[in-house]
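Data first, discussion second: the structure below is written as structure tokens.
A short reminder: the numbers here are calculations on the coordinates, not readings from a lab. Values in this document were obtained by computation on a predicted structure and should not be read as measured data. Quick reminder, even Gly has a Cβ in these numbers, built from the backbone with ideal geometry, and neighbours come from all protein chains shown.
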Amino acid sequence: MSDVPAGLETLDFFFSGGRPAGAFPPVLVGVVGSGNLEVMLEPAGGNDCAVRVETSARGFGPIWQAVMDDFHARHPLAGVRVSINDMGATPAVVSLRLDQAVAEITGDKP
Amino acid sequence: MISYAECSARERLALLLDPGSFHEWLPPSERVTSPHLAQLGVPSAFDDGVAIGRATLDGHEVIVAAQEGAFMGGGVGEVHGAKLVGLLQRALRERPAAVLLLAESGGVRLHEANAGLIAVSEVMRALLDVRASGIPVIVLIGGANGCFGGMGIVARCADHIVMSDAGRLAMSGPEVIEASHGVEEFDSRDRALVWRTTGGKHRWLTGDCDALVEDDVADFRAAAVAALDASKPLTLAALEEEHALLTARLHALPSDTAGRDEATLLWSALGIADAQRVPELPVEAVRALRVH
């Protein structure tokens with residue numbers, strides 16, 4: 001038996017020192033399906049990038065931290081709220097979805 | 001060609017409606033999510049698996065909903081159902097040219113069974129109100145999850161159903177039939193059998209859908225445009241005609257079908273020549289086979 005209790009795990013990450021993303025309509029990419037996730041980006045006040053993850057796969061906090069550190073290194077955003085609903089996506093899938101979402105607000109096609 | 005089956009609900013909306021015309025109500029940023037799933041340790045979706053709003057289709061105002069089959073199999077939960085009901089009730093007030101329902105659902109979301117069951121019954125009632133007011137409700141079925149359970153009933157309450165050959169429409173899904181009646185009755189892993197008994201070609205030949213299209217977003221769009229004036233008044237005469245048709249179908253099969261494929265026998269009984277060739281025929285050829 002695992003000692004990790006059942007249920008969702010909520011993880012929060014904050015990054016500062018990014019470039020202001022400016023105004024943009026909220027963006028949603030991906031679907032909450034098995035091995036997949038949805039990522040929503042919304043403009044937010046302040047100069048931080050705040051990330052909230054709700055995931056059904058508990059106990060992977062350090063891996064999420066690493067994936068988010070990489071994301072911030074690729075896309076140092078400020079004034080953005082990132083919201084994620086995850087159903088067991090792998091780190092590579094999470095990174096691709098994050099890049100896809102950023103491409104939607106910057107107009108770059110992946 | 002873009003496969004309708006492989007698109008997400010939001011991709012279908014973007015490709016099927018006039019470009020950029022979709023205006024969403026209760027968008028994901030409103031976070032109107034399921035009150036039940038988190039308690040069960042299941043992640044929510046920001047739109048609870050259905051996107052609703054208004055748009056134009058070939059220049060005509062329409063009200064539209066698209067279910068996301070990849071989230072909980074398109075299952076209808078409390079919020080998901082309430083969004084559909086609210087959309088249909090708004091159609092009564094705004095009187096669009098049509099209501100489009102891009103259905104992809106296994107039926108009631110079992111995680112919120114009672115709320116979902118009530119929601120589906122409310123969707124049926126609201127849909128019939130819209131239909132009775134003369135606004136056509138057009139259901140498009142072509143997602144990988146098909147249209148089953150309560151949503152199968154909802155679809156058959158509508159004025160007009162468009163299906164692709166990849167689409168499936170039925171009440172009980174294959175696994176449900178196998179679980180309740182045994183694998184001898186129905187082998188849910190026999191994909192050819194599943195499509196012979198629930199697939200778009202079968203529904204077309206039996207008259208359960210009104211248009212059979214290729215698995216192509218452009219074909220679905222064209223069929224939806226063609227159906228904009230497809231309002232079918234729900235009258236006692238029409239209902240009696242439907243019951244007579246179903247009774248005839250029930251008795252169309254020979255009494256002993258042992259060892260023979262019942263779908264093929266039924267197609268033959270409906271007057272379709274070379275019925276055993278139906279599964280391998282292209283959509284266009286099957287379209288021409290229907291006996292009216």
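Things worth noting here:
- With neighbours defined as other Cβ atoms within 10 Å of a residue's Cβ, the residues B:ASP159, B:ASP208 order from fewest to most as B:ASP208, B:ASP159.
- Report summary: the helix-based calculation at 222 nm, which adds -39500 (n - 2.57) for every DSSP H run with n ≥ 4 and divides by the residues of chain B, gives -11500 deg cm²/dmol.
- 10 Å Cβ neighbours from other chains, averaged over peptide A:76-88: 2
- Using a Förster distance of 45 Å, the FRET efficiency for B:ASP18-B:GLU262 (Cβ separation, nearest 0.05): 0.55
- Simple spin-label estimate for A:ASP69 and B:ARG290 in nanometres, 7 Å along Cα-Cβ: 6.1 nm
- Of all DSSP-defined beta bridges confined to chain A, some 70% are antiparallel rather than parallel.
- Relative contact order %, region A:9-106, counting alpha carbon pairs below 8 Å whose residues are six or more apart: 40 percent
- Exposure proxy ranking for B:CYS147, B:CYS7, B:CYS157, based on other Cβ atoms within 10 angstrom of each Cβ and starting from the fewest, stands as B:CYS157, B:CYS7, B:CYS147.
- Whole-number Å³ per residue for the convex hull built on Cα positions in region A:9-106: 78 Å³
- If R0 is taken as 60 Å, the Cβ-Cβ distance between B:LEU245 and A:SER95 corresponds to a FRET efficiency of 0.65.
- In terms of its C-alpha gyration tensor, the protein assembly as shown comes out prolate, because a/c is 1.5 or above and the ratio a/b outweighs b/c.
- Among B:75-84, A:38-47, sorting by the average number of other beta carbon atoms lying within 10 angstrom of each residue, highest first, gives B:75-84, A:38-47.
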